[in-house]
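Contents: one structure, followed by commentary.
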Amino acid sequence: MTAILIVGIGGVGGYFGGLMAKRFENDADVAVQFLVRGENRKAIQHNGLKVIKGSDTFIAYPQKVSDSPSDLDKADFIILCTKTYDLETTLSQLHPCIKKETVILPLLNGLDSTAKIKQHYPDTIVADGCVYIVSRLTEPGVITNTGTIERLFFGSDTISDERLSVLEQRLIQAGINATLTPDIASVIWEKFIFVSSIATATTYYDLPIGPILEDPDKKDILIRLITEVSLLAQAKQISLPENNIALTIAKQENLPATATSSLHSDFINGKKQTEIESLIGYVVHEGLTYAIPTPVYQKLYSAIKKKTIS
Ligand SMILES: NC(=O)C1=CN([C@@H]2O[C@H](COP(=O)(O)OP(=O)(O)OC[C@H]3O[C@@H](n4cnc5c(N)ncnc54)[C@H](OP(=O)(O)O)[C@@H]3O)[C@@H](O)[C@H]2O)C=CC1
Ligand SMILES: CC(C)(CO)C(=O)C(=O)O
């Protein structure tokens, strides 16, 4: 029996975890389990997890649902889908679910999850991963995907292991557009450039994606953000496509005009904690370390931090 544990059932974990739980419901070979807390856990335990995308809806019943890792099985695969500010605490709770053969895949935005996981679990295989999706936990036990894109990339640039191919097969069997890639470092940076720039602009202007791309001044700021973070990637020896700025804008233009970043959503919802440090502060701090000027990031970071404080 392959045990797959999804940790954090919000927009990302709920959508991809929901697809997996549905596909492997009552499966003799694969068991999908959820680590989920609060009202969300209660709703899923009582009614299953409802996943909505356009006119399609399904309800998934994972094999086990708990807020306590010791209630769950030792996992073959752990897919981490918390926000970055919850990662350290979550990792410190996961010991009961880890065995020698466990493979951990983080799908969080940001660039330092893998290093943090390896510090906690140096003997397990830790892949890198990222997703393109626009999905939210809209009420306890209900996930709503409003996006036009659904892609999951993962891989490792240090380890080649059959278990990563097994995970890819399981994701694909669940109907997930998943790709195991040997070039994961570049793929993760391309996603980071895409999300960091649009998260900064949507949060700074307090606007969804469409009005930013339609206004020439705001779009110019967005392009300057993309340029600054791309220069940082190059300083870190990350190879990017030659036309990365145009490709990034094209991907942003493909999102629904009314969609916004998960960072902006958290600001709108008055969340006490946000991913401002992993999505924006990271660029400012690493820019200083690598002597890459990031004046637009610096200005918007400090304005957004003031919003957080007020
Ligand atoms: N949403 C999206 O469209 C996209 C998001 N991302 C990235 O994916 C990551 C996840 O985002 P998203 O799904 O939106 O986040 P959400 O806040 O919707 O979901 C995260 C969930 O994890 C739960 N959680 C945190 N710690 C634990 C724990 N120890 N045990 C059990 N549950 C826990 C949270 O519970 P609680 O609410 O109680 O804190 C929350 O329900 C982020 O890094 C985000 O930037 C990437 C691409 C798209
Ligand atoms: C696609 C986008 C911008 C929207 O959910 C995203 O990746 C995020 O906000 O984390």
Which of the numbered conditions does Ser230 fail, given that it passes all the others? Conditions: (1) within 16 Å of ligand 2 (Cβ to nearest atom); (2) at pLDDT 95 or above; (3) among the polar types (S, T, N, Q).
(1)
Looking for whichever is charged (D, E, K, R) and part of a loop (DSSP other than H, G, I, E, B) here; the options are Asp86, Asp73. Which one fits?
Asp73
Hey, could you check region 115-133 for residues that are within 16 Å of ligand 1 (Cβ to nearest atom) and in a helix (DSSP H, G or I) and say which is farthest from Phe153 (Cα to Cα)?
His120
Does Gly48 count as within 8 Å of ligand 1 (Cβ to nearest atom), of a type in the set (Gly, Ala, Ser) and in contact with a Phe, Trp or Tyr (Cβ under 9 Å, 6 or more places away or on another chain)?
no
Looking only at region 186-201, count every residue that is within 9 Å of ligand 2 (Cβ to nearest atom) and over 13 Å from Ala250 (Cβ atoms) and tell me the total.
3
Taking the residues in region 151-179 that are part of a loop (DSSP other than H, G, I, E, B) and either in the same structural domain as Glu190 (by TED's automatic domain parsing) or in contact (Cβ under 8 Å) with a residue 40 or more places away in the chain (or both) as candidates, determine which candidate is nearest to ligand 2 (Cβ to nearest atom).
Ile176
How many of the residues in region 68-112 are without any contact (Cβ under 8 Å) to a residue 60 or more places away in the chain and more than 22 Å from Leu167 (Cα to Cα)?
7
Considering (1) of a type in the set (S, T, N, Q); (2) away from ligand 2 (no atom under 13 Å from the Cβ); (3) assigned to a strand (DSSP E or B), say which one Thr144 fails and leave the rest.
(2)
Being closer than 23 Å to Thr148 by Cα, touching a helix residue (DSSP H, G or I) at 6+ places or on another chain (Cβ under 6 Å) and not small (Gly, Ala, Ser) narrows it down to one residue among Leu247, Leu207, Leu255; which is it?
Leu255
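Go through region 97-112 and count every residue that is within 11 Å of the chain's Cα centre (by Cα) and hydrophobic (A, V, I, L, M, F, W, C).
If we filter region 97-112 for residues that are within 11 Å of the chain's Cα centre (by Cα), which is where we start, we get 105-111.
From the residues that got through so far, the ones that are hydrophobic (A, V, I, L, M, F, W, C) too are 105, 107-108, 111.
Summing the residues that are within 11 Å of the chain's Cα centre (by Cα) and hydrophobic (A, V, I, L, M, F, W, C) in region 97-112 gives 4.
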Only one of (1) out of contact with any Phe, Trp or Tyr (no Cβ under 7 Å at 6 or more places or on another chain); (2) among the polar types (S, T, N, Q); (3) away from ligand 2 (no atom under 14 Å from the Cβ); (4) touching a residue at least 40 places away in the same chain (Cβ under 8 Å) does not apply to Gln273, and that is (1)
Matching helices (runs of 4 or more DSSP H) fully within region 228-310 where at least 1 residues are of a type in the set (S, T, N, Q) and more than 22 Å from the chain's Cα centre (by Cα)
282-289, 295-309
Output the number of residues of region 5-52 satisfying the condition of being closer than 21 Å to Thr84 by Cα and of a type in the set (A, V, I, L, M).
7
Identify the residue in region 221-276 that is exposed (fewer than 14 other Cβ atoms within 10 Å of the Cβ) and within 11 Å of ligand 1 (Cβ to nearest atom) and, among all such residues, is farthest from Thr294 (Cα to Cα).
Asn269
Which numbered condition Asp71 misses (of (1) buried (at least 16 other Cβ atoms within 10 Å of the Cβ); (2) within 13 Å of ligand 1 (Cβ to nearest atom))
(1)
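The values are calculated or read from the model by the stated rules, or taken from the named source; none is laboratory data. Since we're looking at a predicted model, the values are computed, not measured. Using ideal geometry, Cβ is built from the backbone for each residue, glycine included, and neighbour counts are taken over all protein chains shown.
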